[in-house]
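Reading through the structure tokens given below for one structure.
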Amino acid sequence: MDKRFESIKEEALSKINNAKSVKALNEVRNEYFAKSGLIATLMSKIRELAPNERKDYGQAVNTLKVFLEEKLGAALREAQSNELSEKLESEKIDLTLPGRNLETAPQHPFHLVKDEICDIFIGMGYIIAEGDEVEEDLFNFTLLNMPENHPARDMQDTFYINEKLLLRTHTSPVQARVMQKNKNQPLKMISPGKVFRRDDDDNTHSHQFGQVEGLVIGEGISFSHLKATLDLFAKKMFGPKREIRLRSSYFPFTEPSVEVDVSCHVCNGKGCSTCKGTGWIEILGAGMVNPNVLTMNGYDTEKFTGFAFGVGIERVAMLRYGIDDIRRFYQNDIRFLKEFPKR
Ligand code: FA5
């Protein structure tokens, strides 16, 4: 290296060695290699020299330039690699750490009991049919022997969408739909789902609740089949100790009709606010399918008879789990919901 630049070189090397970061090295590079940096200044001095000195001077500046570029480049590469290693080290993830547990929600008692009711009937050979929550007036009422202006429609006064469509008031329209699809074929089906009524909410009544509809049609089906089925269902659901009673009732789509009550779980039949002093809680309506309904929906009444039932899901869940108020099903109180088993 030309002696003229020895001190510049020494000073530059010491600056490079002392600069420990990429940022500090870039500052050194600017000092020497920027447009108005030291190397450019040395180069510009060439004009002031005599022509015969220029070549030698130019080569010397160039040698200094190449030397410093190499030193700076190497120092920068090393500093970049060190900084990257430090960053990776500080952001290191331990893949062997155990994960955080996600809390799973308990099952809602409505679904627990709906599934349990379905399982009992599936075990007896029933198939599941689906129905829509928005239903035609024709299927909800007319084809179930409740023509327009029939007084029984008032008992289920409900939410209409227009003159022909409504939120179904019970799961019974699925009976008519399934019969129409299977005309004159034996049937054994259940259909769970939500229903809606303009009922005033109290301990045992809600404006929206669940039902499981059941329908059996075949040759020689009698009331004793219905009674035995309901008896078996109640025993499987509530155990042999809880008392059951059949009460004669009226539904336009069944004849004869019954309602089934289970002894109140809160007062054990003595009478309390949950059972409104009667000692009993009604869980389902049932009966032999009215021949008019069979005929309207494509069945030969000379050959076929049938029975049907509609179970209230929340009422069964209340008895099953000792729930005193149906409103708990939709109030979303986490303390209540946590009482039930997880999936
Ligand atoms: C019916 O809905 C008939 N479709 C049942 C039926 C089906 C009868 C097939 C014959 C043949 P009912 O309105 O009684 O019937 O209701 C049936 C069950 O739903 C009741 O026993 C009760 O468990 C439940 N339920 C009725 N109204 C309410 C209400 N507002 N809130 C909660 N549960 C109710």
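The values are calculated or read from the model by the stated rules, or taken from the named source; none is laboratory data. Bear in mind that the values here come from a model prediction, so they are computed numbers and not experimental data. FYI the Cβ positions are ideal-geometry reconstructions off the backbone, even for glycines, and counts take in every protein chain you see.
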Study note, to complete from the structure: Of those in the range 287-309 that are in contact with a Leu (Cβ under 6 Å, 6 or more places away or on another chain) and assigned to a strand (DSSP E or B), the residue farthest from the ligand (Cβ to nearest atom) is PHE307
Review point. Does PHE139 fit the bill of being at pLDDT 95 or above, under 20 Å from ALA317 (Cα atoms), of a type in the set (Phe, Trp, Tyr) and surrounded by 13 or more Cβ atoms within 10 Å (Cβ to Cβ)?
Key: no
Check your understanding: Are there any helices (runs of 4 or more DSSP H) wholly within the range 15-123 with 3 or more residues that are over 30 Å from MET237 (Cα atoms), and if so which?
Key -> 22-33, 38-44, 51-90
Practice item. Only residues in the range 296-310 that are within 22 Å of VAL212 (Cβ to Cβ) and in contact (Cβ under 8 Å) with a residue 24 or more places away in the chain count as the first member; pair them with residues that are hydroxyl-bearing (Ser, Thr, Tyr) and not in a loop (DSSP other than H, G, I, E, B), Cβ under 7 angstrom, at least 6 apart or cross-chain, and list the lot. Key: ALA308/THR254
Study note, to complete from the structure: Restricting attention to the range 230-245, the residues that are touching a helix residue (DSSP H, G or I) at 6+ places or on another chain (Cβ under 9 Å) and surrounded by 15 or more Cβ atoms within 10 Å (Cβ to Cβ) number exactly 6
Revision key, fill the gap. Of the conditions (1) in contact (Cβ under 8 Å) with a residue 40 or more places away in the chain; (2) within 26 Å of PRO109 (Cα to Cα); (3) buried (at least 21 other Cβ atoms within 10 Å of the Cβ), the single one that VAL289 does not satisfy is (2)
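Per-residue answers, yes or no, for (1) free of Cβ contacts under 8 Å to residues at least 60 places away in the same chain; (2) under 36 Å from the mean Cα position of the chain (by Cα):
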| residue | (1), (2) |
| --- | --- |
| PHE238 | no, yes |
| SER248 | yes, no |
| VAL262 | yes, yes |
| LYS270 | yes, no |
| THR274 | no, yes |
| GLY277 | yes, no |
| ILE283 | yes, yes |
Exercise for review: Residues being surrounded by 21 or more Cβ atoms within 10 Å (Cβ to Cβ), under 17 Å from LEU138 (Cα atoms) and charged (D, E, K, R): count how many of those fall in the range 166-220.
Suggested key: 1
Point to revise | Hits in the range 3-35 - residues which are within 19 Å of ALA60 (Cα to Cα), of a type in the set (Ser, Thr, Tyr) and out of contact with any helix residue (DSSP H, G or I) (no Cβ under 7 Å at 6 or more places or on another chain) | key: SER7
